[in-house]
Amino acid sequence: MQVLVIGGTLFIGKLLVKELLKAGHKVTILHRKPGHGFGKRVDELIADRNDAASLARALTGRHFDAVYDNVYDWERGTTADQVSATARLVGDKLQRYVFLSSVAAYGDGLNHQEGDGLAKDDHPDSYVRNKAQSERALFRLHQRHGLPAVTLRPPYVYGPDNPFYREQFFWDRLKAGRPVLIPGDGRRLMQFVYVKDLVAAGLAVLEIPGAVGHAFNVANPRPVSQLDLVHSFAAAAKVQPVTVHVPREHLQAAGGHPMRSPLYFGVYYDMAPITMVTQKIQRVLKWKATPFEQGLKETYRWYSKEYTGPAQNFDFEDKMIGIYRPKTA
């Protein structure tokens, strides 16, 4: 197949391109800045996917069998109108239009199935709103014009080359023998998917005709608590964790932030829980998740050999630890 990957040089997109090449597909990536590490095997188009005119110029005269819409502009947002414009511009001979959505599209709640309603148009979080609206727009195009849309809804994606300071946040502290802050009682649920498994799902939807017109939850079946997550990170690093529980409201009142410095629990890792069930993807795509412990071990090997992050300032954490760490006699 002739495949277009929108955003193919970081994390999910980078691995997706590699796996598409292994499978024998002809791959073109579309991104804003020229240059990539795939050599002559991969063509590139330069455009701003949020700018319909820019996209139109780049796509003129090009035809693809499949498109992976794989990027989200974290600074400006990527809206449903922009996603719809992309879908219209890539032509009417597509066999698949695969959109990377998110568990966040549900808005909130536990144990979501694919048929559950998505977040409403007035949801206060723009990321949630944009993902939900984009899915609705694509499925309208599927129903009205036959767009062969498929959407994938992952939760937190982990694995080698993660550009977000998530797994690395914990291993930086655990390897240094530092205590890890736990927001509240640590029972807030989180759900994960290994990047390799997410990419495998993306390739599977190319092969199975029945995938068209469907959304798929793509996740490890079992959620984990925040406290269990820290212990899993520690097990991958073969260290014994020390944890300090701090009321969430106290962390935030003191200036701690879930998204930016001073970060207290990995980027975006302390959000209201949203979980989902995964029977559909297992049944329809014959998909199976990598055991969490195995995925973390593989990711930790990458972290140990290749990760070089910036120096960290632990002043905020030290302040919280000094207040809340249990005193010993």
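The values are calculated or read from the model by the stated rules, or taken from the named source; none is laboratory data. Small disclaimer: the values here were computed from a predicted structure and weren't measured. Backbone-built Cβ (ideal geometry, glycine too); neighbour counts: all protein chains shown.
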In segment 291-320, the residues that are surrounded by fewer than 18 Cβ atoms within 10 Å (Cβ to Cβ), of a type in the set (Ser, Thr, Tyr) and at pLDDT 95 or above: SER304, TYR307
Residue that is surrounded by the most Cβ atoms within 10 Å (Cβ to Cβ), among those in segment 11-26 that are more than 16 Å from GLY39 (Cβ to Cβ) and in contact with a strand residue (DSSP E or B) (Cβ under 9 Å, 6 or more places away or on another chain): LEU16
Top-ranked residue in segment 222-232 [being outside any strand (DSSP E or B) and among the aliphatic types (A, V, I, L, M); ranked as farthest from PHE170 (Cα to Cα)]: LEU227
Odd one out for GLY256, checked against (1) crowded, with 22+ Cβ neighbours inside 10 Å; (2) in contact with a strand residue (DSSP E or B) (Cβ under 7 Å, 6 or more places away or on another chain): (2)
Residue, surrounded by the fewest Cβ atoms within 10 Å (Cβ to Cβ), within segment 65-92, restricted to residues that are closer than 20 Å to LYS26 by Cα and among the small types (Gly, Ala, Ser): GLY91
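Yes or no, residue by residue, for (1) closer than 23 Å to HIS145 by Cα; (2) part of a helix (DSSP H, G or I); (3) touching a Cys at 6+ places or on another chain (Cβ under 6 Å); (4) of a type in the set (Val, Ile, Thr):
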residue: ASN50; (1), (2), (3), (4): yes, no, no, no
residue: SER54; (1), (2), (3), (4): no, yes, no, no
residue: PHE64; (1), (2), (3), (4): yes, no, no, no
residue: ARG76; (1), (2), (3), (4): no, no, no, no
residue: ARG88; (1), (2), (3), (4): yes, yes, no, no
residue: LEU110; (1), (2), (3), (4): no, no, no, no
residue: GLU114; (1), (2), (3), (4): yes, no, no, no
residue: ALA119; (1), (2), (3), (4): no, no, no, no
residue: PRO124; (1), (2), (3), (4): no, no, no, no
Number of the exception - GLN95 against (1) in contact with an Asp or Glu (Cβ under 8 Å, 6 or more places away or on another chain); (2) buried (at least 17 other Cβ atoms within 10 Å of the Cβ); (3) polar (S, T, N, Q): (2)
The listed residue being modelled with pLDDT of 95 or more, out of contact with any helix residue (DSSP H, G or I) (no Cβ under 6 Å at 6 or more places or on another chain), assigned to a helix (DSSP H, G or I) and closer than 30 Å to VAL150 by Cα, out of ALA235, ALA219, ALA204: ALA204
Scope segment 295-305; condition free of Cβ contacts under 8 Å to residues at least 12 places away in the same chain and either of a type in the set (Ser, Thr, Tyr) or not assigned by TED's automatic domain parsing to the domain that holds HIS250 (or both); matching residues: SER304
Count of residues meeting criterion [of a type in the set (A, V, I, L, M, F, W, C) and in a loop (DSSP other than H, G, I, E, B)] in segment 238-247: 2
Residue selected from segment 248-291 under the condition part of a helix (DSSP H, G or I) and touching a Leu at 6+ places or on another chain (Cβ under 9 Å), by the criterion nearest to GLU207 (Cα to Cα): ILE281
Single condition THR308 does not satisfy, out of (1) of a type outside the set (Lys, Arg); (2) assigned to a loop (DSSP other than H, G, I, E, B); (3) touching a residue at least 60 places away in the same chain (Cβ under 8 Å): (3)
Check on GLU75, among the charged types (D, E, K, R), under 21 Å from the mean Cα position of the chain (by Cα) and closer than 21 Å to LEU203 by Cβ: no
Any hit, segment 268-279, residues being surrounded by fewer than 16 Cβ atoms within 10 Å (Cβ to Cβ), touching a strand residue (DSSP E or B) at 6+ places or on another chain (Cβ under 6 Å) and not aliphatic (A, V, I, L, M): no
